[in-house]
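Each value in this text was obtained by applying a stated rule to the coordinates, not by laboratory testing. Every value quoted in this text rests on a predicted model; they were computed, and no experiment measured them. Cβ placement follows ideal geometry from the backbone for every residue including glycine, while neighbour counts extend to all protein chains displayed.
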Amino acid sequence: MNVRPEPAFEAPWHAQVFALTVALNEAGHFAWAEWADTFGATLKAHGVDRELDGGEDYFNAWLAALEVLLKKRGLAEAGMIEDMRSAWEHAYLSTPHGAPVKLQKA
């Protein structure tokens, strides 16, 4: 009998934003303590004070916290982040259900 383990993340983008955050930390762009403080403040601002299961609300807050650090550290400008968010939203809304979401190359 082949038993597959449960995935660690609900959605591929959850794993990607987690891995990106860890990679940026390991590359020295911010300390993990700064990440934890920023993420905690973001959770509080989002009103996420219940026990989290690592789902969509958790990773939306995770992404928002990462965006704060990217701007604060000068790794990405606010306009760049908004442009990328818009591009992903357009790609997501234009993709047939069940198909992989892909950004169009500019």
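Considering only HIS14, LEU43, LEU24, whose Cα is most displaced toward the positive end of the charge dipole of the stretch 12-75, charges sitting on Cβ of Lys, Arg (+1) and Asp, Glu (-1)?
The listed residue farthest towards the positive side: LEU24.
So how do 97-103, 7-13 stack up, highest first, on mean other-Cβ count within 10 Å?
7-13, 97-103
Among (1) 45, 28, 27; (2) 42, 41, 30; (3) 103, 34, 24, which one is Cα extents along the principal axes in Å computed from these coordinates?
From the options (1) 45, 28, 27; (2) 42, 41, 30; (3) 103, 34, 24, the structure gives (2).
Just how large is the dipole of the chain about the Cα centre, in debye to the nearest 20, putting +1 at every Lys and Arg Cβ and -1 at every Asp and Glu Cβ?
Computed charge dipole of the chain: roughly 320 debye.
How much length is gained if the chain between TRP13 and LYS71 is pulled fully straight, taking 0.36 nm per residue apart and subtracting their Cα-Cα distance, in nm to one decimal?
18.9 nm
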